[in-house]
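Reading through the structure tokens given below for one structure.
The values are calculated or read from the model by the stated rules, or taken from the named source; none is laboratory data. Source: prediction; values computed, not measured. All Cβ positions, even for glycine, are placed from backbone atoms using ideal geometry, and neighbour counts span all protein chains on display.
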Amino acid sequence: MVLNYRMRFYIILFFCAGCFFMSCNESSDYPGGLTMPQTAEVLTDIHIVNGSLYNISNQPDSILKHGMGLYSDVFKLHHTDSATFRRSLLYYSQHPDVLYVIYEGVQRRLNKKLDSLKKIKAHLDAIKHKDPNFVADSIKAKKKADSLAAARAKHIQDSIMAANRKSADEAKKLQQFHNSIKFKNRKLIPVQ
């Protein structure tokens, strides 16, 4: 069947109108949920959880057991839930330019965390290289701190015992004083 010029025009017009109406159906308004900075923070923590789950053994349901708790902790930390996060991520994935900006924020946050971890590791390495007996010294320092804490606890306990003895002595003296006086017509008369 050969289509004439007019029929081709109507078919093309029909498909163009259909595409136009389908594109107008998409809502350009933000549906609610997480803002861009909040989404970047949640995604940063989710990527950290994903990295930590990579080291878990591949036993059946191990990711389900360990991962779901970690993901729910991330959502609780950011005061959201998985449904809100999914809705926001779906909206942002339909707007790639916005999602690109969000992932730039995620990358900045991850780089900051990585830099701080590198600084801590470098500091610990510097301490180790200054003193090869770093581990032994740290154990000695912990024992010394524990012994100081025990000595402080002993000192506090002794001072409490001394205060109790002192109050017991004062109570005895007060009792002796009460025993040494008599009341006569509402007047105090010392006992001789």
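Assuming PHE85 fulfils every condition listed in (1) at pLDDT below 90; (2) touching a Phe, Trp or Tyr at 6+ places or on another chain (Cβ under 7 Å); (3) not aliphatic (A, V, I, L, M) apart from one, which condition is it?
With respect to (1) at pLDDT below 90; (2) touching a Phe, Trp or Tyr at 6+ places or on another chain (Cβ under 7 Å); (3) not aliphatic (A, V, I, L, M), PHE85 is out only on (1).
So that you can scan it fast, the table gives a plain yes or no per residue for (1) hydrophobic (A, V, I, L, M, F, W, C); (2) assigned to a helix (DSSP H, G or I); (3) at pLDDT below 75:
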site: PRO132; (1), (2), (3): no, no, yes
site: ASP137; (1), (2), (3): no, yes, yes
site: LYS140; (1), (2), (3): no, yes, yes
site: ALA151; (1), (2), (3): yes, yes, no
site: ILE156; (1), (2), (3): yes, yes, no
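Looking at (1) modelled with pLDDT of 90 or more; (2) within 22 Å of GLY33 (Cβ to Cβ), find the lone condition where SER72 falls short.
(1)
Okay, residues lined up against (1) at pLDDT 70 or above; (2) part of a helix (DSSP H, G or I); (3) farther than 19 Å from TYR103 by Cα:
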| position | (1), (2), (3) |
| --- | --- |
| CYS24 | no, yes, yes |
| SER28 | no, no, yes |
| ASP45 | yes, yes, no |
| GLY67 | yes, yes, yes |
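Within the set of pairs 6+ apart or on separate chains, which have a first residue in segment 83-104 that is exposed (fewer than 13 other Cβ atoms within 10 Å of the Cβ), a second that is of a type in the set (Ser, Thr, Tyr), and C-beta atoms under 6 Å apart?
No pair meets every condition.
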